[in-house]
Amino acid sequence: IVRWSREVEHERQVAVFDLLERNSFELVNGFAGPYRVELSLREANLIFTVDDEPCRQRCEITLSMRPFRRLIKDYFMICESYFQAIRSATPSRIEAIDMGRRGLHNEGAEKLAGALEGKIRLDGETARRLFTLVCVLHIRA
């Protein structure tokens, strides 16, 4: 639905930068951080591969993406509308679309945090950045 574009790449870079600068991410029943985290998609699952900093310990956390499908699709559609609106819409129209975009983004972050409950403890901002990266993983080049 959404093409990999400059806007998407910028969002990805900002999310990674923010996660590296400040985040709250802790394995609930695992080893202590700091962590190296890799996100990937395998079939219909999101895979968190988590290593400790010296890479001596590793765990893999798998989440089904099925409950997120509709939300991600809606998020892509509103992002496409937002990027188009930036080019030609009135400021009030852009603001209205952006409010909807942020609302869906917050919903995705809350859903992600809920799905990780009992496995990974994270704060709202970390969940938001991770949801951005989950969406980027779903984009076709």
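Run the helix sum for the chain: -39,500 (n - 2.57) per DSSP H stretch of 4+ residues, divided by residue count, reported at 222 nm to the nearest 500 deg cm²/dmol.
Details: 4 runs with 76 residues, N = 141.
Result for the chain, helices only: -18500 deg cm²/dmol.
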Identify which of the listed values of volume of the Cα convex hull per residue in Å³ was calculated from the structure shown: (i) 130; (ii) 111; (iii) 146.
-> (ii)
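Of all accessible surface on the chain at a 1.4 Å probe, what whole percent is carbon and sulfur?
Numbers: 4200 of 8670 Å².
Here carbon and sulfur together make up 48 percent of the probe-accessible area.
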3J(HN,Hα) from dihedral phi, segment 59-74, Karplus parametrisation 6.51/-1.76/1.60, rounded to Hz, x for glycine, proline | 9, 10, 10, 10, 10, 6, 8, 3, x, 9, 3, 5, 4, 5, 4, 4
Kindly sort Glu125, Glu43, Glu11 by accessible area of their heavy atoms, largest first, with the probe set to 1.4 Å.
-> Glu43, Glu125, Glu11
With an 8 Å cut-off on Cα pairs and a minimum separation of 6 or more residues, tell me the relative contact order of the chain in percent.
-> 34
Heavy atoms only, probe 1.4 angstrom, no DNA, RNA or ligands counted: give me Leu137, Leu39 ranked by accessible area, highest first.
-> Leu137, Leu39
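I'd like the antiparallel share, as a percent to the nearest 5, of DSSP beta bridges with both residues in the chain.
95
The values are calculated or read from the model by the stated rules, or taken from the named source; none is laboratory data. From a predicted model like this one, the values you see are computed outputs, not experimental measurements. For accessibility, only protein heavy atoms count, side chains too; no ligands or nucleic acids. Shrake-Rupley method; radii C 1.70, N 1.55, O 1.52, S 1.80 Å.
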